[in-house]
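Colleague: Structure below; questions to follow.
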Amino acid sequence: MSQVRILAVFDDGAGAARAASSVRTQDLGEVQAYSPTPDHAILGALHHDVSPIRLFTLLGAGLGCFLGVALPAYTMLDWPLITGGKPTISIPPLVVIGFAVAMLLGALGGVTGFLSLSRLPALSRPVLYDHRFSEDRFGVVVTCDPAQADSVRACLEQAGGEELKEQK
Amino acid sequence: MTARPGTEFRRLSDDIVRTLDPPGAVYYGTIAVLLAILGFGVYAFYYQVQNGLGVAGYQHPVQWGVYITNFVFWIGITHSGTLISAVLFLFRAPWRTGVARASEAMTVFAIMIGALFPIIHLGRPYFFYWLMPYINERQLYVNFRSPLIWDFVAIMTYLTVSVTFLYVGLIPDMAELQHRGPGWRRRVYRILSLGWVGSDRQWYHYMSLYGFLAAIAIPLAVSVHSIVSWDFATAITPGWHSTIFAPYFVSGAIFSGVAMMIMLLIPLRTVFGLDAYMTRLHFENLGKLLLTMSLIMGYAYGMEFFIAWYSGNIFERDTFLDRATGQYAPFTMVMFACNVVIPLLLFSKRIRTHLGALMAIAIAALIGMWIERYVIVVSSLSRGFDPAAWGELYQPTWVEVALTAGSFAGFFLLFLVFVKVFPCISISELKEGAAAHSEADASPTVVPETV
């Protein structure tokens, strides 16, 4: 059965958070919220787990640390510069390069995770998106079964939602 | 009664978007002057490439001079932007919003300018890419044991992370400006916003990423100037070969970076009328930070002289005696005055909350820090182990002066262009602060005017 999308516009984040939480609690459909600023009430209502960005960052940093140590170590073995009885592989350069490359790839890993998980860059706007959500309004879009549409509308209006729009 | 968030958001956006309005004649006049100075610097570089490094004032044993001084100075300037922005973000300091964006931009531009100087300093600057760790035609890699390679890796990493930190912070603002920004720039903002819509999923990952970038930037910033200090400390030259160089350089870098922040933010506040967003509290806090770093600098200077005496190393002792009483003594005195004595005025609350006085102290600190780098680089080299090698007083030539002036012009030019193209205060963070205040039914201004 085809789904229906219902949008409500809110003047503040608290109303949008109430609406999102209410729809989620009653299991009326899938909720997506839009806001011009990070709204912790909305995020708290819709996301209970920890973002996997940390895994991307950790993997990037781990890879960077490995490469930052392995490449200098390999070059020291490949063309030994033996000076004054010092060890062929000297530790300080490995620490310095390993740390810097770990930070570099950790940051880039985090950005890669952010872009992929946030589905960016995006060439098109989501259905029912209103550009005011980047400026001064909050939006909640609920994707639900047509049978649940009345309950969703009631829920959104009760939370203070205005300008309800619907798309089938 | 507090305005509803939507209305408040609109007001905040209007205030910041207004800063992007077409500039007036004074702005274009300033740009023209800076371009002229920068152009002269570029000509000086062309002249140097044509005629060789001999046109600089190098004379044995001073083979590192103004260029390396500029390099260390500019890399030092980078240290307060991203670092302070990241520290304040992780500590959730509410006054961060007013100063963070401009400071992060300052960091990026200072790295871009600073990273040019090792290239300018090269005899054959067109071979700068030999620093990159790729395998060359003789199957050789760079020597990773060299601190110059550490520099290259650390500075490029810091530049990449700082640009990323700045850009990620700009994405939500770009999404707004694509609808509200002036003229043709909307298209540019649309591309730069990457299609950001501010969905809960995007904000959720965004907040996580921003936190990680901040956490990465802090140790990275500390490591970068430590590594720059090891360019000197790993050499056995008296005056350089010191274990305190890393923290000494890092504290000096934060000191000069804060001074540059103050120097950029005060005119920015005045010109754009951002009094509500960059309050005296911001500047008082920056003044306190400047004072704290100055005290640390004073301690480090004292320790350098103490260690030179207490170690019993005659070369070290003679170098520092010469620094205080020899031909470079006037520079040392100015350095002490600007970095240690004058900032003591900031103990007075009346002075540190007076923007004119704060600006004057910041400029003194910048002069003092440039001279400090000069003293470290030049005076140490001029008095090596062999007295027979001690030469004449090193005097910069017009080429070095032109390139130095050009670097300042380039830096201010980039900053001026930035504040007219991108919002100098994060709009989305202002709204976040306003929403928090709205919930608490308090003033929507992010930081209250307390002074």
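The values are calculated or read from the model by the stated rules, or taken from the named source; none is laboratory data. This structure is a prediction, so every number in the text was calculated from the model and none was measured. Cβ sites come from the backbone with ideal geometry, for glycine too, and all protein chains shown count toward neighbours. When the accessible area is computed, the model is the full protein with side chains, heavy atoms only, and any ligands, DNA or RNA have been set aside. Shrake-Rupley method; radii C 1.70, N 1.55, O 1.52, S 1.80 Å.
Colleague: Pick from segment B:80-94 the residues that are under 12 Å from the mean Cα position of the chain (by Cα) and of a type in the set (A, V, I, L, M, F, W, C): which of them is nearest to B:Phe165 (Cα to Cα)?
Modeller: Step one: list which residues in segment B:80-94 are under 12 Å from the mean Cα position of the chain (by Cα), which gives B:80-84.
Next cut, of a type in the set (A, V, I, L, M, F, W, C) only: B:83-84.
Values: B:Leu83: 11, B:Ile84: 12 Å.
If we take residues in segment B:80-94 being under 12 Å from the mean Cα position of the chain (by Cα) and of a type in the set (A, V, I, L, M, F, W, C), then B:Leu83 is nearest to B:Phe165 (Cα to Cα).
Colleague: Name the single residue that is nearest to A:Leu117 (Cα to Cα) among those in segment B:180-217 being at the interface with chain A (Cβ under 10 Å from one of its Cβ atoms) and either in contact with an Asp or Glu (Cβ under 7 Å, 6 or more places away or on another chain) or touching a residue at least 60 places away in the same chain (Cβ under 8 Å) (or both).
Modeller: Among those that are at the interface with chain A (Cβ under 10 Å from one of its Cβ atoms) and either in contact with an Asp or Glu (Cβ under 7 Å, 6 or more places away or on another chain) or touching a residue at least 60 places away in the same chain (Cβ under 8 Å) (or both), it is B:Tyr210.
Colleague: So which residues in segment B:395-440 are more than 30 Å from B:Tyr58 (Cα to Cα), assigned to a loop (DSSP other than H, G, I, E, B) and β-branched (Val, Ile, Thr), if there are any at all?
Modeller: Matches in segment B:395-440: B:Ile425 only.
Colleague: Now, a different point. For segment A:135-154, which positions are open to solvent by 10 Å² or more (accessible area, probe 1.4 Å) and assigned to a helix (DSSP H, G or I)?
Modeller: A:Pro146, A:Ala147, A:Gln148, A:Asp150, A:Ser151, A:Arg153, A:Ala154
Colleague: Out of the helices (runs of 4 or more DSSP H) lying entirely within segment B:72-154, which hold 1 or more residues that are aliphatic (A, V, I, L, M), at pLDDT below 90 and buried (at least 24 other Cβ atoms within 10 Å of the Cβ)?
Modeller: B:81-90
The rows are residues; the columns are (1) in contact (Cβ under 8 Å) with a residue 40 or more places away in the chain; (2) closer than 30 Å to B:Tyr141 by Cβ; (3) at the interface with chain B (Cβ under 10 Å from one of its Cβ atoms); (4) open to solvent by 20 Å² or more (accessible area, probe 1.4 Å).
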| site | (1), (2), (3), (4) |
| --- | --- |
| A:Gly13 | yes, no, yes, no |
| A:Tyr34 | yes, no, yes, no |
| A:Pro52 | yes, no, yes, yes |
| A:Leu58 | yes, yes, yes, yes |
| A:Ala61 | yes, yes, yes, yes |
| A:Gly68 | no, yes, yes, no |
| A:Gly84 | no, yes, no, yes |
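Colleague: Sticking with this one: Among the numbered criteria (1) under 25 Å from B:Ile68 (Cβ atoms); (2) open to solvent by less than 10 Å² (accessible area, probe 1.4 Å); (3) part of a helix (DSSP H, G or I), which one does B:Ile262 miss?
Modeller: (1)
Colleague: From the list A:Pro121, A:Pro126, pick out the single residue that is open to solvent by 40 Å² or more (accessible area, probe 1.4 Å), touching a residue at least 60 places away in the same chain (Cβ under 8 Å) and within 7 Å of another protein chain (Cβ to nearest Cβ). Break it down stepwise before answering.
Modeller: Working: A:Pro121 fails: touching a residue at least 60 places away in the same chain (Cβ under 8 Å).
After applying the criteria, what remains is A:Pro126.
Colleague: Based on this model, can you work out whether B:Ser162 counts as within 30 Å of B:His225 (Cα to Cα), small (Gly, Ala, Ser), in a helix (DSSP H, G or I) and free of Cβ contacts under 8 Å to residues at least 12 places away in the same chain? Spell out the reasoning first.
Modeller: Values: within 30 Å of B:His225 (Cα to Cα): yes; small (Gly, Ala, Ser): yes; in a helix (DSSP H, G or I): yes; free of Cβ contacts under 8 Å to residues at least 12 places away in the same chain: no.
It is false that B:Ser162 is within 30 Å of B:His225 (Cα to Cα), small (Gly, Ala, Ser), in a helix (DSSP H, G or I) and free of Cβ contacts under 8 Å to residues at least 12 places away in the same chain.
Colleague: Give the residue, chosen from B:Phe245, B:Phe232, that is touching a residue at least 60 places away in the same chain (Cβ under 8 Å) and open to solvent by less than 20 Å² (accessible area, probe 1.4 Å). Don't jump to the end; show me each part of the working.
Modeller: Details: B:Phe245 fails: touching a residue at least 60 places away in the same chain (Cβ under 8 Å).
So the residue among B:Phe245, B:Phe232 that is touching a residue at least 60 places away in the same chain (Cβ under 8 Å) and open to solvent by less than 20 Å² (accessible area, probe 1.4 Å) is B:Phe232.
Colleague: For segment B:218-244: of the residues being β-branched (Val, Ile, Thr) and within 19 Å of B:Ser256 (Cβ to Cβ), which is nearest to the other protein chains (Cβ to nearest Cβ)? Before the answer, list the steps.
Modeller: Step one: list which residues in segment B:218-244 are β-branched (Val, Ile, Thr), which gives B:218, B:222, B:224, B:227-228, B:234, B:236-237, B:243-244.
Restricting the remaining residues to those that are within 19 Å of B:Ser256 (Cβ to Cβ) gives B:218, B:222, B:224, B:227-228, B:244.
Details: B:Ile218: 10, B:Val222: 11, B:Val224: 8, B:Ile227: 6, B:Val228: 12, B:Ile244: 17 Å.
So, considering only residues that are β-branched (Val, Ile, Thr) and within 19 Å of B:Ser256 (Cβ to Cβ), the one nearest to the other protein chains (Cβ to nearest Cβ) is B:Ile227.
Colleague: For segment A:86-105, what are the residues that are more than 18 Å from B:Ile227 (Cβ to Cβ) and either surrounded by 12 or more Cβ atoms within 10 Å (Cβ to Cβ) or within 8 Å of chain B (Cβ to nearest Cβ) (or both)?
Modeller: Across segment A:86-105, the qualifying residue is only A:Ile89.
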